[in-house]
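Take a look at the structure set out below.
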């Protein structure tokens, strides 16, 4: 899948939204000013949150849909992260230690996963760095360090990262692992698996059975 499909056809809109935020908040970023098309708020860490919206080009309503695009389905834990900026957009690159690959074939002990968004310092109109913000794509946070996850991944094709992977459907292929076995969708946004579909893959064991 090309990176245009991965990040949606409205990537340009997202850049414009963030640009509006930077230019309109060069002097007011420490306030709770809300700019058009963005929602900003203060968190406990004093890092503002920008919720950028984008229309995804593909939606995955069933397990079969996710599997049709997945090159890997891995259980693992996020060990480290870095955020880069490319074309004024932040991207978070997470190093995930792989516990198991649910598809046939071997994979590396650790893999790199790239996502749109993350904590970074925008550049203001005067060329200086502004205070850090956390950009969330459609309100969805990026992976977090030490998070136990189950990921449907496809190979990433883009200049931001070589030899890495991206979650299927931007964030639709991300699941949390609770109590070592129970699967939960990583967010409650629209266009994810239905409750009925989730019941069929409630645990990693059930997911393995469905994949066989």
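Filtering region 86-110 to residues that are over 15 Å from the mean Cα position of the chain (by Cα) and in a strand (DSSP E or B) leaves 86, 97, 98, 99, 100, 101, 110. Within the set 172, 185, the sole residue that is on the phi < 0 side of the Ramachandran plot, in contact with a helix residue (DSSP H, G or I) (Cβ under 8 Å, 6 or more places away or on another chain) and touching a residue at least 60 places away in the same chain (Cβ under 8 Å) turns out to be 172.
Just to be sure I understand, how many residues within region 115-137 are part of a strand (DSSP E or B), closer than 18 Å to residue 54 by Cβ and touching a helix residue (DSSP H, G or I) at 6+ places or on another chain (Cβ under 9 Å)?
Taking region 115-137 first, the residues part of a strand (DSSP E or B) are 115-116, 118-120, 123, 129, 133-137.
After this cut, where a residue has to be closer than 18 Å to residue 54 by Cβ as well, the list is 115-116, 118, 120, 133-137.
Cutting the leftovers down to touching a helix residue (DSSP H, G or I) at 6+ places or on another chain (Cβ under 9 Å) gives us 116, 133, 135, 137.
The total comes to 4.
Checking each residue in region 138-155 for being touching a residue at least 60 places away in the same chain (Cβ under 8 Å) and not in a loop (DSSP other than H, G, I, E, B) picks out 148, 149, 150, 151, 152, 153, 154, 155. When you look at residue 189, is it under 30 Å from residue 46 (Cβ atoms), modelled with pLDDT under 95 and either exposed (fewer than 14 other Cβ atoms within 10 Å of the Cβ) or within 14 Å of the chain's Cα centre (by Cα) (or both), yes or no? Yes; evaluated as a whole, the condition is true for this residue. The single condition from (1) farther than 26 Å from residue 204 by Cα; (2) outside any strand (DSSP E or B) that residue 170 fails is (1).
The values are calculated or read from the model by the stated rules, or taken from the named source; none is laboratory data. Fair warning: this is a prediction, and the values are worked out from it, not measured in the lab. Because the Cβ atoms are built from the backbone with ideal geometry, glycine has one as well, and the counts that use them run over all protein chains shown.
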